[in-house]
Each structure stands twice: as structure tokens, then as C-alpha cells.
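The values are calculated or read from the model by the stated rules, or taken from the named source; none is laboratory data. This one's a predicted model, so the numbers in the text were calculated from it and none came from an experiment. Note that each Cβ is placed from the backbone with ideal geometry, even for glycine, and that neighbours are counted across all protein chains shown.
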Amino acid sequence: MKICVVGTGYVGLVSCACFADLGNDVIGVDVDQAKVENLRKGILPIFEPGVKELVDRHLGKRLRFTTNLKEGVLASDFIFIAVGTPPGQNGEADLTYVKEVAAGIGRHLNGPKIVVDKSTVPVGMGDLVDSIMEENCGGEYRVDVVSNPEFLREGSAVHDFMNPDRILIGAENRQAAEKVSELYKPLDAEIVITDLRSAEMIKYASNAFLATKITFINEIANLCERVNADVSKVAHGMGLDTRIGPAFLNAGAGYGGSCFPKDVMALIHIANKEGYEFKVLKAVVEANDFQKRSMIGRIKEVLGPLEGKQIAALGLSFKPNTDDLREAVALDVIRNLVDNGARVRAYDPAAMEHAKALLPGVKFAENAYAAAEGAHCLVIFTEWNEFKEMDLERVKNAMRSPVIVDGRNIYDPAKVKALGFTYRGVGRK
């Protein structure tokens, strides 16, 4: 198949690499000239396990990159829109890039095409994309618009693409949906075909539910602290119920990232436009904001006043195995620490270069042990595996006072306390 993917961010670049690996001829299109030039050299704009290996394997063979949208449209039968839809005013998804791409596709059409929305877009966007393209091509060519939402987790996106729970395809033209499904036939996954608007809603509903599940267990964790229960044991017992399941029941400092915050707000906005108040999701946003703020309270509980205290911050990205800092809990908390007079030295295996511009006044360490040197408190923000396996005796000897605030509950409290640390987790007995 001949595929054009417009947008080379997380979703677009992973799609380019994986579709090429499945045997298709793929053109990745992006307006950023510097990014495209780097991609042509095999230099990636993101850190995502497995992507570079696929790009290196297929670059110049089944995979190429360009800034020329016309080139991509003319050479392809399938055109995937994978540009960003960042939050705009009042949480509404900003659809500027999607609209611009739709207009460009319409101007360059040279025959029948299937245009696939991979971006997360509000319900009804497929219809708007269709009308924009028709307006720009004068109705000369037939174009079918298909919704094919992505369910890729940053840090395991290649695995998720190649081993999906399900593949969701929404279209008004069944034949177009079945053609898109052919692209995924090499994968062993259930293909679900729905109407266009239902597919768009499934994406938002899925992310909003997962954000709700995270927020619920964080609320339970806060209550556990007050009744002297252990949230890790509570979550384990809950997760064994097949109606609930164990996924997304890890209590911590709150959710962040590129999807959950903006998709929850976008769904609230969609509901507001339809005259419906989505009370559950409004409570989720409020509770998650509280959870992030509560990290400062936990640190103050064990340290007292923060003025002049040295804090070691381990982890900056919103989750492990990615360098993505969008809506990362660590950024908000570290800024608050600095505002309270604390001195922060941070370390993250992948995200420090991006973080330096976002965290003025913060020092950065070459590794976790260097970050801990002379610290009054060590705070875990991201559950990178290397933090789980640290030599805690070495950490203790490096610190000015052996205090750990574990925002991701990666340590066993009893074992850490036995080593001589003061330990504060989230919802731990």
C-alpha cells in the first residue's frame, strides 16, 4: 500500500515506522524543515523505544520524509492526518492544524483517496474534514474520510501498534473502512468497524475513563492515609475482580501527559456545547489537580519549611520510557518547590534537555546518585526502572538527611525504613 502520514510527532512517526515495517511504502510529511532534515539523517525528534530501529531499517527504502504535502498526496492512496490537537480555550481542542492539512489535501487531490483521521478530534470532525476537502478540490474527486483513533501508550508505542487490543475504524462508507482494515491485516487483532462519529467518541471515552480510574485510586489512596490502610494492597484486591482489572490502579502524584489532560477537558467541552454537564469528569479534573498539589504537602510533612532545603528530583517526564514533558506532574511541583525557596537538583534519563528551558533555576545532575548528593529529601516523580533498582545504601550515604517522598510508590516502605530512611509514599500504611 502507498501511505502518506501528515505529522511526525509521537503518533505520526510511530505510524510511519510501523506501517513501513509492515511492508508499505510510506511518506512522512511535516512542515518543520529542520525536523524533516534530521529525520532524513535518522535523527529522531522524540525518545520512544523501538522507533529508531525501525526508521533506520526502512529509511530510504520503504520510508522517506518531506515537507511537501503535495508530494505525499499525489504518491499515496491512503493519507493519515496525525497532527496535534492541543488544548485551546476552555479545554476545547485546537483544530487549526487538522483544518490546514484537510485544506491542503483538498488542493492537491489527483484522484480518489481515503483520508484517515489519526489525530484525536472532537465528534463530528470527520464531517468537517470532508467538507473542507470538498471545498478545496471543487468536488472533482471522491474522498472517503475514515476515523482510525490511536491507542498508543508513550514508552511502549511500537509494541502497542504491533500488538493492539483492538483496531477501531469508523466510516460512513463501509467499503472505505474495509480498505483501511486491510492495512492492519498482518496484525493479530480484532478490527471493530463503526460509524464515523461513534469511532471519534470511543477515543475520548476511553481516555476519559482511564483518567477517571487513575483519579479514583488516588482518592482511595488519600483516604487510606487517614484510616491507616495500604493502597497497594487495596488496589491488588480490587484488581483481582475481573470487572475492574489491575491496570491503571497505581496510586501516585496524579496523571499528566499528552492525552489524558487534554482529552478529558475536550470531552467536557463537547458536553458543554451540547448543553450537558459532565459532572464526573469535572470532578476528575478537580481531584487530579488536588493530587498534584498534595505532593508539596507530603514533602513539607517530612521536611518542614522548604526555604533553603536541597531537594533531589528523580524523573521529569510524565511517565517512564519517554521524554515527553507535556502536563508532567514533576514540572508543576518543582516550580512550586523553587517558589517556596527550595534548591532543586533534578535527573531524568531522557527528558533533561527539554526540561532545562522549562525549569529555570533548577540544576541538573548526570545521574540519580549525583542528584541525591547533599539533599535533604529525594522525591520520586517518574517510575523509571533505574530508580527502582538504585543502591539505596549509596543514596543514603550521599544525602544530607535520608528522606524519601515516593510519588509513584516504587519502594517497599518497610524495606526502605529498615535502611534508615524516613519514607513517605502515597496511600501507604
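Determine whether Ala34 is within 28 Å of Glu178 (Cβ to Cβ) and among the small types (Gly, Ala, Ser).
When the stated conditions are applied, Ala34 does not pass them.
Tell me yes or no: at least one residue of the range 96-105 is farther than 22 Å from Ile167 by Cβ, modelled with pLDDT of 90 or more and under 21 Å from the mean Cα position of the chain (by Cα).
yes
Within the range 67-76, can one find any residue that is farther than 22 Å from Ser131 by Cβ, surrounded by 17 or more Cβ atoms within 10 Å (Cβ to Cβ), without any contact (Cβ under 8 Å) to a residue 60 or more places away in the chain and among the hydroxyl-bearing types (Ser, Thr, Tyr)?
Within the range 67-76, not a single residue is farther than 22 Å from Ser131 by Cβ, surrounded by 17 or more Cβ atoms within 10 Å (Cβ to Cβ), without any contact (Cβ under 8 Å) to a residue 60 or more places away in the chain and among the hydroxyl-bearing types (Ser, Thr, Tyr).
Which of the strands (runs of 3 or more DSSP E) found entirely inside the range 366-429 contain at least 1 residues meeting this: in contact (Cβ under 8 Å) with a residue 12 or more places away in the chain and in contact with a Ser or Thr (Cβ under 6 Å, 6 or more places away or on another chain)?
In the range 366-429, 403-406 are the strands (runs of 3 or more DSSP E) which contain 1 or more residues that are in contact (Cβ under 8 Å) with a residue 12 or more places away in the chain and in contact with a Ser or Thr (Cβ under 6 Å, 6 or more places away or on another chain).
Pick out the one residue from Ala375, Ala398 that is surrounded by 13 or more Cβ atoms within 10 Å (Cβ to Cβ), small (Gly, Ala, Ser) and under 32 Å from the mean Cα position of the chain (by Cα).
One residue alone meets the criteria, Ala375.
Give all pairs with beta carbons closer than 7 Å in which a residue from the range 120-145 that is closer than 25 Å to His269 by Cβ meets a residue that is of a type outside the set (Asp, Glu) and in a loop (DSSP other than H, G, I, E, B); count only pairs at least 6 apart in sequence or on separate chains.
Correct list of pairs: Thr120/Thr85; Thr120/Pro149; Val121/Thr85; Val121/Leu95; Met125/Leu95.
What are the pairs, 6+ residues apart or on separate chains, where a residue within the range 249-260 that is under 18 Å from Ala283 (Cβ atoms) and not assigned by TED's automatic domain parsing to the domain that holds Glu383 has its Cβ under 8 Å from a residue that is in a loop (DSSP other than H, G, I, E, B) and of a type in the set (S, T, N, Q)?
Close Cβ pairs (under 8 Å, with a partner that is in a loop (DSSP other than H, G, I, E, B) and of a type in the set (S, T, N, Q)) amount to Ala251/Asn409.
Being in a loop (DSSP other than H, G, I, E, B) and of a type in the set (Asp, Glu): is that true of Glu200 here?
Criteria not met by Glu200.
When residues of the range 254-298 are filtered for being touching a strand residue (DSSP E or B) at 6+ places or on another chain (Cβ under 7 Å) and not in a helix (DSSP H, G or I), how many remain?
Number satisfying all stated conditions: 0.
Within the group Val264, Val285, which residue is free of Cβ contacts under 8 Å to residues at least 40 places away in the same chain and among the β-branched types (Val, Ile, Thr)?
Result: Val285 is the single residue among Val264, Val285 that is free of Cβ contacts under 8 Å to residues at least 40 places away in the same chain and among the β-branched types (Val, Ile, Thr).
What's the number of the only condition in (1) under 28 Å from Val121 (Cα atoms); (2) assigned to a loop (DSSP other than H, G, I, E, B); (3) among the hydrophobic types (A, V, I, L, M, F, W, C) that Ala251 fails to meet?
Every listed condition holds for Ala251 apart from (1).
For the subset of the range 285-324 comprising residues that are of a type in the set (A, V, I, L, M, F, W, C) and touching a Ser or Thr at 6+ places or on another chain (Cβ under 6 Å), which member is modelled with the lowest pLDDT?
Within the range 285-324, the match that is modelled with the lowest pLDDT is Val302.
Out of everything in the range 119-145 that is over 23 Å from the mean Cα position of the chain (by Cα) and among the hydrophobic types (A, V, I, L, M, F, W, C), what residue ends up being modelled with the highest pLDDT?
Among residues in the range 119-145 that are over 23 Å from the mean Cα position of the chain (by Cα) and among the hydrophobic types (A, V, I, L, M, F, W, C), the one modelled with the highest pLDDT is Val145.
Report whether or not Leu240 is outside the structural domain of Arg166 (by TED's automatic domain parsing), farther than 21 Å from Gln291 by Cα and not β-branched (Val, Ile, Thr).
So Leu240 passes the test.
Confirm whether Ala357 is farther than 28 Å from Lys233 by Cα and in contact with a Lys or Arg (Cβ under 6 Å, 6 or more places away or on another chain).
For Ala357, the condition - farther than 28 Å from Lys233 by Cα and in contact with a Lys or Arg (Cβ under 6 Å, 6 or more places away or on another chain) - is not met.
Suppose we keep only residues that are at negative phi and in contact with a Gly (Cβ under 8 Å, 6 or more places away or on another chain) within the range 310-327. Which one would you say is surrounded by the fewest Cβ atoms within 10 Å (Cβ to Cβ)?
Arg326
Kindly indicate the residue of the range 117-127 that is of a type in the set (A, V, I, L, M, F, W, C) and either within 12 Å of Ile105 (Cβ to Cβ) or in contact with a strand residue (DSSP E or B) (Cβ under 9 Å, 6 or more places away or on another chain) (or both) and also surrounded by the fewest Cβ atoms within 10 Å (Cβ to Cβ) among those meeting that condition.
Among those that are of a type in the set (A, V, I, L, M, F, W, C) and either within 12 Å of Ile105 (Cβ to Cβ) or in contact with a strand residue (DSSP E or B) (Cβ under 9 Å, 6 or more places away or on another chain) (or both), it is Val121.
Residues Val55, Val31, Val26: which one is in a helix (DSSP H, G or I), assigned by TED's automatic domain parsing to the domain that holds Asp160 and modelled with pLDDT of 95 or more?
Val55
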